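Novice: I'd like to ask you about the structure that follows.
The values are calculated or read from the model by the stated rules, or taken from the named source; none is laboratory data. All figures in this text were calculated on a predicted structure; none of them were measured in a lab. All Cβ positions, glycine included, derive from the backbone under ideal geometry; neighbour counts span all protein chains shown. Note: areas computed on protein heavy atoms with side chains; ligands, DNA, RNA excluded. Shrake-Rupley method; radii C 1.70, N 1.55, O 1.52, S 1.80 Å.
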Amino acid sequence: MYKIQVCLLGCLLSLACSAKDTIVYSSPFDFPLLLSANFGELRTNHFHNGLDIKTKGSVGHPVRCIADGYVARVAVQHGGYGQAIYIAHPNGQTSVYGHVLRFAPKVERFVRNYQYANETFVCNLYPKPAMFPVKKGDIIAWSGNEGASAGPHLHLELRKTATDEYLNPMPYFKKYLSDTKAPVATHLAVYPVLGQGVVEGSYRKKMIPVASVSLIHAWGKIYAGISAKDLMNNTHNVYGVHSVTLYVDDKKVFHSVTDAVLPDENRMINSFVDFDERVRTRRWIMRSYKEPGNRLRLLKVGPERGIVTVSEERDYHFRYVLEDDFGNRRTYRFTVRGKKQSLPALPPFEGEWLRVSRNTIVQRPGLELMVPKGYVYTDVPLDVHVIPDSVGVSYKYVLDAGNTPLHSYCPLAIGVRNMPVSNPKKYYLKQQDGKWSGPVIGKLEKGWYRAKVRALGTFSVAVDTVPPVITPVERTKWKATRNIRMKVKDEASGIAAYKVFVDGKFVLFGLKKGVLVIQDKEKIKRGVPHVVKVIVTDCCGNETRKQFKI
């Protein structure tokens, strides 16, 4: 029996390997492909995890399955991919199609049945493998502009089915594209390691436009960075650079190649790039340096982590090689001249430190913050300021670590000093960063408001007793077009839930960019009077009900 099981396992593994080796993905569209974004493109808090395929500026184009498989997941959400369909393939990969307008009829009915049965727009469904088998070339959806999308396109991903690891689809689809243009850099940067190096006599970074790069003087430990973009034929879009390699005196000190990213690695993009520069100027600088807490596998460095020690009075020759998915390359050179000099003394810091290698607990009267081990990428000084407020719900607490990214959510608790309302559900955490402010939803218990935060700033506890606002959009046209839309807004804790009923029966609406939009216009019968009832609730339980006649 054991021999039979071993033989069967061997056959299954052989079949899986064979499928992986021989599978060929087809195009998801019947028209020539053009991209608006590639895999690995730099984005806020994440790498772009797929290919964005243009759809001629319009929606409704048939999306075809790129290989045999089955529908493994269907997701509908307000933001993100909007509506997405996931196809599992026998080679251990899953293809994902995001921002679609609607699904193939059988899948669409499956989703609608769930949404109406549960009276919800948002859903995340996992059909059994036998429910929706598909063949290469089958229409599985129609292209759209749903979710967090700036224009009509299809977001196409490849993932490892077992781990959800994002894979670069370009090797499978480059045959459908044309690219003879090499990447282009705009800026170079040279950074001193704080307290251990100087650039042009300062411990501040030096940013240089490529067009005016000249000799740079430095001493001690430094590292470099580059701002670059890729180009492609037949389009004016710009893309992420697939590979960056830095040589110093012909020795490779840094190499990155963006071919695979695990979900937990995605946010580490904030350590790969110059996060401070991004926040202040919106410029993307890829640093050729790997911070101690950065676990991105796509970054390859030696024991110095990309740091170059300038310890001789001579010229150090830096050479960047940029390469795209099609093998197009461009090289940039600059010289750092060693100039012996004293290192400026850093002013002493007497505050807290957020540490890479251990949990950090910050406590003040009425404040508890815990930053777990590995949630910052390098040791960072933290200034904590308490702003007393005798009439506020709580004191204000300023947690200032400069423009420092956090890897994930950190527990934060703030003590409540005054309770103007007795209902504990009316409280929320208010976060401020400059002119921006937003809610963080947690829970009030035993005199403390507890929540989890993924960015530092200024925090206080606030109260929300004001219900959301519902405003009809082009109401005079509802009867003729049946395109019922209502703008919903909440100034404090944010929208939590909504439902719409027509003549007492639930009708599906989606919340798209702050507007409730009817999904099934056929529920509104022409020539028949209807009553539309809308219920919107915010995150503190305040509810608004409105009724409209059609």
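Novice: When ranked by the protection proxy of mean other Cβ atoms within 10 Å per residue, highest first, what sequence do the peptides 75-85, 408-418 form?
Specialist: 75-85, 408-418
Novice: A further question follows. Which value, in Å to one decimal place, does the Kirkwood hydrodynamic radius take for region 402-550 when every pair of different Cα atoms is included?
Specialist: When all Cα pairs of region 402-550 are included, the Kirkwood radius is 17.5 Å.
Novice: Related question: Residue by residue through region 199-209, what is 3J(HN,Hα) from phi via Karplus (6.51 cos²θ - 1.76 cosθ + 1.60, θ = phi - 60°)? Round to whole Hz and write x for glycine and proline.
Specialist: Once rounded to whole Hz, the list reads 10, 6, x, 10, 8, 9, 5, 10, 9, 10, x.
Novice: Taking every alpha carbon pair in region 411-491, what does the distance histogram look like in 5 angstrom bins from 0, in percent?
Specialist: 3, 13, 20, 16, 13, 10, 7, 8, 6, 4, 1
Novice: Taking a ≥ b ≥ c as the square roots of the eigenvalues of the Cα gyration tensor of region 20-118, is the shape rounded (a/c under 1.5), prolate (a/b larger than b/c) or oblate?
Specialist: rounded
Novice: Shifting gears a bit: Full-extension gain between residue 342 and residue 262, please, as 0.36 nm times their residue separation minus the C-alpha to C-alpha distance.
Specialist: Contour length minus the Cα-Cα distance gives 24.5 nm.
Novice: Accessible area per residue, 1.4 Å probe, Å², for region 433-550: what's the number?
Specialist: Dividing the accessible area of region 433-550 by its residue count gives 55 Å².
Novice: Right, another one. Per DSSP helix of 4 or more residues, -39500 (n - 2.57); summed, then divided by the residues of the chain. What does that give at 222 nm, rounded to the nearest 500?
Specialist: Rounded to the nearest 500, it is -3000 deg cm²/dmol.
Novice: Now for a different question. Determine the shape class of region 466-550: with a ≥ b ≥ c the square roots of the Cα gyration tensor eigenvalues, call it rounded for a/c under 1.5, and otherwise prolate if a/b is greater than b/c, oblate otherwise.
Specialist: Taking the square roots of the gyration eigenvalues as a ≥ b ≥ c, region 466-550 is prolate.
Novice: Once you treat every alpha carbon in the chain as an equal point and sum by Debye, what is log10 I(q)/I(0) at q = 0.10 Å⁻¹?
Specialist: -1.05
Novice: Let me ask something else about it. Can you find, among 87, 294, 145, the residue farthest towards the positive end of the dipole of the chain? Put +1 on the C-beta of Lys and Arg, -1 on that of Asp and Glu.
Specialist: 145
Novice: Full-extension gain between residue 117 and residue 281, please, as 0.36 nm times their residue separation minus the C-alpha to C-alpha distance.
Specialist: Going from the current span to full extension adds 54.3 nm.
Novice: Evaluate the charge dipole of region 141-271 about its Cα centre and quote only its size in Debye, nearest 20, assuming +1 on the Cβ of each Lys and Arg and -1 on the Cβ of each Asp and Glu.
Specialist: Dipole of region 141-271, to the nearest 20 debye: 360 debye.
Novice: Between region 332-357 and region 418-452, what is the C-alpha centre distance in whole Å?
Specialist: 39
Novice: Okay, moving on. Quick one: which residues, 5 or more positions from residue 37 or on another chain, have an amide H under 5 Å from its amide H? H modelled 1.01 Å from N in the peptide plane, none for Pro or chain starts.
Specialist: Under 5 Å from the amide H of residue 37: 52.
Novice: Okay, next question. Please report, in debye to the nearest 20, how large the charge dipole of region 470-531 is about its Cα centre when each Lys and Arg carries +1 at its beta carbon and each Asp and Glu carries -1 there.
Specialist: Approximately 300 debye in magnitude.
Novice: Also, I was wondering about something else. Calculate the length of the line joining the C-alpha centroid of region 85-127 to that of region 144-169, in whole Å.
Specialist: 14
Novice: For region 247-255, just list the computed ³J(HN,Hα) in residue order, Karplus coefficients 6.51, -1.76 and 1.60, θ = phi - 60°, integers in Hz, with x standing in for Gly and Pro.
Specialist: Residue by residue, region 247-255 yields 10, 10, 6, 6, 9, 6, 10, 7, 8 Hz.
Novice: Answer with one residue from 511, 478, 466: the one whose Cα lies farthest towards the positive end of the charge dipole of region 456-512, charges on Cβ with Lys, Arg +1 and Asp, Glu -1.
Specialist: 478
Novice: To continue, here is another question. In bins 5 Å wide, starting from 0, what share of all Cα pairs of region 244-325 does each bin hold, as a percent?
Specialist: P(r) over region 244-325, rounded to whole percents: 3, 13, 22, 22, 21, 12, 5, 1, 0.
Novice: Explain nothing, just compute: Karplus ³J(HN,Hα) = 6.51 cos²θ - 1.76 cosθ + 1.60, θ = phi - 60°, for every residue of region 58-67 in order, whole Hz, x for Gly and Pro.
Specialist: Once rounded to whole Hz, the list reads 9, 9, x, 7, x, 9, 9, 5, 7, 6.
Novice: Here is a further query. Indicate the gyration tensor shape class of region 155-209 (rounded, prolate or oblate), computed on the Cα atoms with a ≥ b ≥ c the square roots of the eigenvalues: a/c under 1.5 is rounded; otherwise a/b larger than b/c is prolate and the rest oblate.
Specialist: It is oblate, given that a/c is not under 1.5 and a/b is not larger than b/c.
Novice: Further question: For region 179-298, what value does the Rg/Rh ratio take when both radii are computed over Cα atoms and Rh is the Kirkwood radius, given to two decimals?
Specialist: We get a ratio of 0.97 for region 179-298.
Novice: Given charges of +1 on the Cβ of Lys and Arg and -1 on the Cβ of Asp and Glu, with all other atoms neutral, how large is the dipole of the chain about its Cα centre, in debye to the nearest 20?
Specialist: 1520
Novice: Which longest run of the chain has no exposed loop site in it, a site being GluC sites (Glu not before Pro) in a DSSP loop with at most 11 other beta carbons within 10 Å, and the site itself not part of the run?
Specialist: 1-311
Novice: List the trypsin sites (Lys or Arg not before Pro) in region 438-505 that DSSP assigns to loop (not H, G, I, E or B) and whose Cβ has at most 15 other Cβ atoms within 10 Å. Which are they?
Specialist: For trypsin sites (Lys or Arg not before Pro) across region 438-505 that sit outside H, G, I, E and B with at most 15 neighbouring Cβ atoms in 10 Å, the list reads 446, 454.
Novice: Turning to a different aspect of this structure: Within the accessible area of region 452-540, what % is carbon and sulfur when the probe is 1.4 Å and the other protein chains stay in place?
Specialist: 54
Novice: Turning to a different aspect of this structure: Can you give the accessible area per residue of region 312-405, in Å², using a 1.4 Å probe?
Specialist: Here the per-residue accessible area is 56 Å².
Novice: Can you give the extra length, in nm with one decimal, that the chain gains between residue 163 and residue 390 once fully stretched, where that is 0.36 nm per residue apart less the Cα-Cα distance?
Specialist: Length gained, residue 163 through residue 390: 76.6 nm.
Novice: Where the accessible area of region 191-288 is counted over protein heavy atoms with a 1.4 Å probe, how much of it, in %, is carbon and sulfur?
Specialist: Reported share for carbon and sulfur atoms: 51 percent.
Novice: Calculate, for region 112-261, the solvent-accessible area per residue in square angstrom, rolling a 1.4 angstrom probe over the heavy atoms of the protein chains.
Specialist: Accessible area per residue, region 112-261: 44 Å².
Novice: Continuing with the same structure: What order, most packed first, do the peptides 280-290, 51-61 have when packing is the mean number of other Cβ atoms within 10 Å of each residue?
Specialist: Ranked by mean Cβ neighbours within 10 Å, highest first: 280-290, 51-61.
Novice: Residue 476 versus residue 44, label points 7 Å from Cα toward the beta carbon: distance in nm?
Specialist: Each label point is offset 7 Å from its Cα along the Cβ direction, giving 3.6 nm.
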